[in-house]
Amino acid sequence: MPAVDVIDETFLAVPPDTVAAAFADPRAWRRFWPDLDLEVYADRGAQGLRWTVRGALVGTMEVWLEPVLDGTVLHYFLRADFPEATQGRPLKEIARRQRAAKSVALDLKFVLEDGRPPGIPPNA
């Protein structure tokens, strides 16, 4: 079992391809996860991305984009260990990564929904 296992889900009231575009540019990854070096091993288009992770952690990470109603559930998974040469504090790191995952999702929600009021169809 990995030392750091983080799962998050957030609904964004935009189509999956809009959310996928936010993750398509590798420069965005550095903003979202500044201490992780990511390498794509599965680009699933509008369904998301899967990466191998190196740097502060070593393992895998995934963003799965599930179409739901008129939007997308952004599923986030991080399963990783600390590099061999270091020892971390798993509970503290898990809590930090949980907050960071929710921050990424809510920042995207704010930007991509662009002030869309609840209950209003997209592009109205």
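The values are calculated or read from the model by the stated rules, or taken from the named source; none is laboratory data. What you see is a predicted model; the values in this text were computed from it and never measured. With ideal geometry, Cβ positions are generated from the backbone for all residues, glycine too; neighbour counts draw on all protein chains shown.
List of remarks:
- Note on the stretch 17-45: among residues that are more than 13 Å from the chain's Cα centre (by Cα) and within 14 Å of V73 (Cα to Cα), the one that is surrounded by the fewest Cβ atoms within 10 Å (Cβ to Cβ) is D17.
- Only one entry of D70, D43, D37 meets the criterion of being at pLDDT 95 or above and over 22 Å from Q98 (Cα atoms), and that entry is D43.
- Among the residues listed as L74, L49, the single one being free of Cβ contacts under 8 Å to residues at least 40 places away in the same chain, in a strand (DSSP E or B) and on the phi < 0 side of the Ramachandran plot: L49
- Pairs where the first residue, in the stretch 88-103, is at pLDDT 90 or above and crowded, with 16+ Cβ neighbours inside 10 Å and the second is aromatic (F, W, Y) and in a helix (DSSP H, G or I), C-beta under 9 Å, 6+ apart: A100/F32
- Residues within the stretch 21-34 that are within 18 Å of R96 (Cβ to Cβ) and in a helix (DSSP H, G or I), tallied: 4
- Among (1) more than 11 Å from the chain's Cα centre (by Cα); (2) of a type outside the set (V, I, T); (3) at pLDDT 95 or above - the single one G48 does not satisfy: (1)
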